[in-house]
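*Asks:* Sharing a structure here in structure tokens format.
The values are calculated or read from the model by the stated rules, or taken from the named source; none is laboratory data. No experiment lies behind these values; they were computed from the predicted model shown. Because the Cβ atoms are built from the backbone with ideal geometry, glycine has one as well, and the counts that use them run over all protein chains shown. These area figures cover heavy atoms from the full protein model, side chains too; ligands, DNA and RNA do not enter into them. Shrake-Rupley method; radii C 1.70, N 1.55, O 1.52, S 1.80 Å.
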Amino acid sequence: MQSTSSWDAIVIGAGPAGAVSAFLLGRQGLQVLLVESKRFPRTKACGGCLNPRAITALTSLGLGDTLGGCCGESFDRIRLHHARKCAEVPLPSGMSITRTTFDSALVEAAIAAGAEFVSEAKCQVLPRVDRSSRTIRWSSTNGANFTATAPIVLACDGLGHPSLHELPEFESTIAPNSRIGLGTVIARDGAADSLPHHCITMAVGNSGYVGLAHAENGRVSLAAAISPLVLSSGTSPTTVLQQILHSAGIDQTLIDAIEAVRGTPPITQRANAVAGERLFLVGDAAGYVEPFTGEGMAAAIEGASLAAPLAFEAARQWRPELADHWRRQYARSIRSRQLACRSIAWLVRHPQALRWSLAALAAQPRIGTTIGRWIGRSQIQQEQHTT
Ligand SMILES: Cc1cc2nc3c(=O)[nH]c(=O)nc-3n(C[C@H](O)[C@H](O)[C@H](O)COP(=O)(O)OP(=O)(O)OC[C@H]3O[C@@H](n4cnc5c(N)ncnc54)[C@H](O)[C@@H]3O)c2cc1C
């Protein structure tokens, strides 16, 4: 690549929001640059569970075959463990895939749609906006400097949107009680034999919760949301995960196989603005609440599909109303999260309430079926709301 280049659209970050945006814009015939700071394929702290909304969105965008090629494992229930008690709740059918496989497949789809992909390029959006473009810059691993310009830039760079650090108006507000995300993939033979298939296993402790699910090729995705206080006391992330799983009664062979744990910044945060001149924030870059039942990736994919038509228009001719349009669209369609997910997230933060709920579920298993139907209904209502 030349040290200075110009494009119709620049997409920063190759997670689901960025890769799907690049795919959609490339398919429309735009010259798209997709820039990613990490070397691909990369791992990511995420449970990798796609809910029905995410699957429906991918399929309707023409990415059904890409999803199918990932060979993920389906799930249709969640098993909650707490204080050696356990209860199961049915869920609308979803799919579990490690982020290494899923994100690489989406990037391949974006490249096939015509996008140019540059990895290991940690870029910054420059504050200055020209009459007809925005500029980003990055340094390659061998120290060479690059700039690229485009009439529209999509910041899809995840929590805290690191590419916008020179633009204070987009700063994020972090929730005071925000947790930290942790994650890894367990691939050791036999380690997960005791873990039920087609099921998200969720172990809840006092300092947070850990989710586990079988994914493609015998791998298991592990992801957790943990109070930063336990980590600041000097306990290692691996030990914190092991303690929660142990206190919930999870099999020791699985616990012993945990290694190479990755962390995230505080997870509950929201950008103070989601649009500016020739700039839209999409996916976690705009804001994120709490990991559960595949809400994050669904929002990232839906966000990309809603932002792409506006970005397409912006690439042709910028109008300030496009930024207002994205702000309204984002507030209406993405920020209104699933009631069911919020309720479960509340439950797993209140162990006493969770203990009562598990006791009620054990006494009356039909309650679980009712809750499962309610989650299903709320996801369908959310789907109808966004289409
Ligand atoms: C512990 C945990 C578990 C989760 N489990 C689930 C789950 O099971 N299901 C679900 O749907 N969601 C889950 N989520 C949420 C999900 O991970 C996110 O919502 C989703 O990844 C958002 O996608 P994105 O494309 O917006 O951002 P990301 O996936 O974070 O992608 C952003 C990309 O931008 C790159 N980047 C960052 N800075 C720069 C830069 N300066 N220049 C270039 N590139 C840059 C990053 O390397 C990254 O590849 C979980 C989150 C956490 C923390």
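*Asks:* Size of the dipole of the stretch 145-282 about the Cα centre, Lys and Arg at +1 and Asp and Glu at -1 on the beta carbon, nothing else charged, in debye to 20? Could the numbers behind the result be given before it?
*Replies:* Details: 6 positive and 11 negative charges, 33 e Å.
In debye, rounded to 20, the stretch 145-282 gives about 160.
*Asks:* If I ignore ligands, DNA and RNA and count only protein heavy atoms, how much of Asp251 is accessible to a 1.4 Å probe, in Å² to the nearest 10?
*Replies:* Counting only protein heavy atoms, Asp251 exposes about 60 Å² to solvent.
*Asks:* Starting with the highest mean, order 202-209, 150-157 by the number of other Cβ atoms within 10 Å, averaged over the residues of each peptide. Intermediate values should be presented prior to the final figure.
*Replies:* Working: 202-209: 22.6, 150-157: 28.9.
Descending packing order for the listed peptides: 150-157, 202-209.
*Asks:* Given only helices, namely DSSP H runs of n ≥ 4 each adding -39500 (n - 2.57), what is the per-residue ellipticity at 222 nm of the chain, to the nearest 500 deg cm²/dmol?
*Replies:* So the calculated ellipticity at 222 nm is -11500 deg cm²/dmol.
*Asks:* Is the shape of the stretch 1-46 best called rounded, prolate or oblate, per the rule: a/c under 1.5 gives rounded, else a/b larger than b/c gives prolate, else oblate, with a ≥ b ≥ c the square roots of the Cα gyration tensor eigenvalues? Could the numbers behind the result be given before it?
*Replies:* Numbers: a/c = 3.06, a/b = 1.39, b/c = 2.20.
Here the stretch 1-46 falls in the oblate category.
*Asks:* With +1 on each Lys and Arg Cβ and -1 on each Asp and Glu Cβ, and nothing else charged, work out how big the dipole of the stretch 2-117 is about its Cα centre, in Debye to the nearest 20. Spell out each step's value before the answer.
*Replies:* Details: 11 positive and 9 negative charges, 122 e Å.
Result for the stretch 2-117 is approximately 580 debye, rounded to the nearest 20.
*Asks:* A follow-up question, please. Send over a whole-number figure in Å² for the accessible area per residue of the chain, probe 1.4 Å.
*Replies:* Details: 16320 Å² over 387 residues.
About 42 Å² of surface per residue is accessible.
*Asks:* Also, quick follow-up: Can you put His197, His82 in order of accessible area, largest first, using a 1.4 Å probe?
*Replies:* Working: His197 95, His82 10 Å².
From most exposed to least exposed: His197, His82.
*Asks:* Ok, one more. Using +1 at the C-beta of Lys and Arg and -1 at the C-beta of Asp and Glu, which of Ala45, Thr59, Ser21 has the Cα lying farthest in the positive direction of the dipole of the stretch 1-82?
*Replies:* Ala45
*Asks:* Please report how far the C-alpha centroid of the stretch 12-68 lies from that of the stretch 109-187, rounded to the nearest whole angstrom.
*Replies:* 15
*Asks:* Give me the percent relative contact order of the chain, please, defined on Cα pairs under 8 angstrom at least 6 residues apart. Spell out each step's value before the answer.
*Replies:* On the way: 856 pairs, mean separation 88.4, N = 387.
With pairs under 8 Å counted, the relative contact order is 23 percent.
*Asks:* What does the charge dipole of the chain about its Cα centre add up to, to the nearest 20 debye, if the Cβ of each Lys and Arg holds +1 and the Cβ of each Asp and Glu holds -1?
*Replies:* Working: 35 positive and 30 negative charges, 183 e Å.
Here the size comes out at about 880 debye.
*Asks:* Answer with one residue from Gly208, Thr235, Val274: the one whose Cα lies farthest towards the positive end of the charge dipole of the stretch 184-294, charges on Cβ with Lys, Arg +1 and Asp, Glu -1.
*Replies:* Val274
*Asks:* Straight-line reach from Lys44: which aspartates and glutamates have Cα under 19 Å away, leaving out those fewer than 8 places along the same chain?
*Replies:* Counting by Cα, and skipping residues close in sequence, Lys44 has these aspartates and glutamates nearby: Glu36, Glu73, Asp103, Glu108, Glu120, Asp157, Glu216, Glu259, Asp284, Glu290, Glu295.
*Asks:* Then there's this: Would you mind checking which residues have amide H under 5 Å from Ser172's amide H? H placed 1.01 Å from N; only 5 or more apart, or other chain.
*Replies:* Here Asn272 satisfy the definition.
*Asks:* Tell me whether the chain comes out rounded, prolate or oblate; compute the Cα gyration tensor, take square roots of the eigenvalues as a ≥ b ≥ c, and use a/c under 1.5 as the rounded threshold. Write down the numbers at each step before the final one.
*Replies:* Details: a/c = 1.86, a/b = 1.69, b/c = 1.10.
Prolate is the answer for the chain, as a/c is 1.5 or above and a/b outweighs b/c.
*Asks:* So, with a 1.4 angstrom probe, what is the percent of accessible area on the chain that is carbon and sulfur? Intermediate values should be presented prior to the final figure.
*Replies:* Working: 8460 of 16320 Å².
The value for the chain is 52 percent carbon and sulfur by accessible area.
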